Each structure stands twice: as C-alpha cells, then as structure tokens.
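The values are calculated or read from the model by the stated rules, or taken from the named source; none is laboratory data. Every value quoted in this text rests on a predicted model; they were computed, and no experiment measured them. Counting neighbours? That spans all protein chains shown, and the Cβs are built from the backbone with ideal geometry, glycine included.
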Amino acid sequence: MKRVAIITKKHKKDAWEAGRALHAWFQERGLEAVSMENEPDPQVTPLPPGTELIVVMGGDGTILSVARHYAQLAIPILGVNVGGLGFLTEISLDELYPCMEAHVLPGKFEVEERLMLTTTLYREGELAWEEHVLNDAVINKGALARIAELTTWIDGEYLTTYRADGLIIATPTGSTAYTLSAGGPIVSPTLRHVILLPICPHTLSNRPIILPETVTVAVTLDEKSQDLYLTLDGQVGRPLKFGDHMEVRACPHNLKLVKSPYRSHFEVLRTKLGWGEVGMRRRE
C-alpha cells in the first residue's frame, strides 16, 4: 500500500487531531497520505489518483456521507470511531495503530461488500434528482401533515397504497438505523435484500417486506399527500409534491467496508443494543 486518504468529520476537533496524527504516522512509514475534511453534498473533493484506502475519522454519519461521495471508486473504507462504538465505524482509536500494523499495511484485512441503493426522483415526467444511499430512502410527513397515501409498485406490479406517516426503503446495512426505530427487522448487513417498511401504517396488516436486490420499488404520491419530504441516509433531502414519482433499485456499485479484526457484527449488536449475556454465561 502506497497512497492513503484520511477523511475527518468536519468541525470535530478530536477527529481532526486524530487524523493529523495518523497522517504523520503514515508519512514516517513512507506512505503518501492526503488529509481531507468531509464536505457536505454536493461539495465533493476528488481523491488523488491511485488512492488505495480511505480512512474515515468520525462516526457512522461521516461514513454515510463518504459512501455517497466515493463508493463508486471501489476503494476500501476503514471507519475509525472518534467517540462511541458505531455500526459502521468498528475500529476505536485505541485499536487504530495495532490494526494498521498487523492487518492493514500488510494487506491482511477482510473487506465486506455492502449493498447500496440508487434513488431517482421524477417530477412532471422529468428527472429531478438522483442519489446513491447506503442506509435508506425515507418518505416522511411534516409535523402537521395529514396521513400520506403512497401508491407502491414492485417491478411494475401494483403492491398497495400505503396510508401511513411515511415509508422507508432500506438496505440491510440500514436495518440498524431508522428502520430499527420504526419496528423493522435486523438484517445481516452483507445480505443482498431491500427492506420496505411503512411508518405507523393505518392498516395493521401492512407489515415489513424483505425483497430481493433485483427489484425496482416505485412510489407515487397521491393527491391527498401533502407536506412530504424525501430524505436520503438522514443527511440530504428534497420536499415532495403531488404527482412525484420515485424509483429505488440496487446501486451498480457496492460499499467496500474494511471489517474489524477485533469484533463480529453480533458483538457490535450486543454492545449497541444492550443485549444481555446471561445465556452466554450459563453456557460457560
């Protein structure tokens, strides 16, 4: 490995200091390193040609932004959590340098391929917006809006018209984000599925649906739907209008995420969600 990019969370002092220290550490070992701050959409700074690894200093939110900006480059991304343990930033600052010495620089690391989604918004028959997401695309209503009516198709076949507070279309990676809070299933993040989840549906039989990655989910706003907003990964969004048509399908590229050599996904779940270990102690 010869060239590395270090992207730090914008305006976060401890992340910037950690990134500066890592930059010096790389240079001491003869590696080319470039330091960058994560920029909001659409201010995306191109990476230097030949970059072989992106190290993200921040939290899961920073990873989401970096994924939207750079996942199409197919460069492995290592998330370093400057703060608490994250679902995406699995490496702590204490583990960073041992991980670099023993796993990253020698090339002895595993990369997980994470499904991403392409969200396309059409307005009056014209392309209005297209963006890639790692977690989810969410249609949500404003504080005083009426119940949304969202007509939904799967591969061109009518599914249902959801009467709900909104609709989440998520990846397995996003199953531990907003989808989890809305009562959705936890899905192993390396699976290739799409989760369709209505938010507070008025029909109790409207349950979460898990679909294959090959489908296209299409949603059209009913004329009664007002004050709705489309939000991608909880970071960027657009207001919606009657007649808007949205399509969500698997992205042509995946996120390449460097896997932690120190803990499994299940350990992260136990830690983040506060699951007990009584059963494990009994087995011992």
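In this structure, is LEU228 closer than 20 Å to TYR122 by Cα and in contact (Cβ under 8 Å) with a residue 24 or more places away in the chain? Answer is yes for this residue. Inclusion of ASN135 among residues that are under 18 Å from VAL268 (Cβ atoms) and either touching a Lys or Arg at 6+ places or on another chain (Cβ under 6 Å) or crowded, with 16+ Cβ neighbours inside 10 Å (or both) is warranted. A search for C-beta distances below 6 Å between a residue of the range 258-284 that is over 27 Å from TYR178 (Cα atoms) and any residue that is at pLDDT below 55 and aromatic (Phe, Trp, Tyr), counting only pairs 6+ apart in sequence or on different chains, returns nothing. From the list GLU39, GLU112, the one residue that fits, being assigned to a strand (DSSP E or B) and either of a type in the set (D, E, K, R) or in contact with an Asp or Glu (Cβ under 7 Å, 6 or more places away or on another chain) (or both), is GLU112.
Just one of the numbered conditions (1) crowded, with 16+ Cβ neighbours inside 10 Å; (2) out of contact with any Asp or Glu (no Cβ under 8 Å at 6 or more places or on another chain) is not true of GLU130: (1). Every listed requirement among (1) in contact with a Phe, Trp or Tyr (Cβ under 8 Å, 6 or more places away or on another chain); (2) farther than 22 Å from LEU121 by Cα; (3) touching a residue at least 60 places away in the same chain (Cβ under 8 Å); (4) of a type outside the set (A, V, I, L, M, F, W, C) is met by HIS245 save one, (2). Residue count for the range 115-140 under the criterion of being part of a loop (DSSP other than H, G, I, E, B) and of a type in the set (A, V, I, L, M, F, W, C): the result is 3.
Screening the candidates GLY156, GLY125, GLY142 for the property of being at pLDDT 95 or above, exposed (fewer than 13 other Cβ atoms within 10 Å of the Cβ) and either farther than 14 Å from PRO201 by Cβ or within 25 Å of the chain's Cα centre (by Cα) (or both) yields one hit, GLY156. Test ILE199 against the criterion of being out of contact with any strand residue (DSSP E or B) (no Cβ under 8 Å at 6 or more places or on another chain) and among the β-branched types (Val, Ile, Thr), and give yes or no. No: the conditions fail for ILE199. Residues being within 28 Å of GLY237 (Cβ to Cβ) and either within 16 Å of the chain's Cα centre (by Cα) or of a type in the set (D, E, K, R) (or both) are represented in the range 90-99 by at least one member.
So, in the range 185-198, of the ones that are outside any loop (DSSP other than H, G, I, E, B) and free of Cβ contacts under 8 Å to residues at least 60 places away in the same chain, which residue ends up surrounded by the fewest Cβ atoms within 10 Å (Cβ to Cβ)? Going through the qualifying residues, I end up with ILE195. Return a yes/no flag: does the range 254-270 have any residue that is over 15 Å from the mean Cα position of the chain (by Cα) and over 30 Å from VAL4 (Cα atoms). Within the range 254-270, one or more residues are over 15 Å from the mean Cα position of the chain (by Cα) and over 30 Å from VAL4 (Cα atoms).
Suppose we keep only residues that are in a loop (DSSP other than H, G, I, E, B) and under 20 Å from the mean Cα position of the chain (by Cα) within the range 48-83. Which one would you say is modelled with the lowest pLDDT? The extreme case among them is GLY83.
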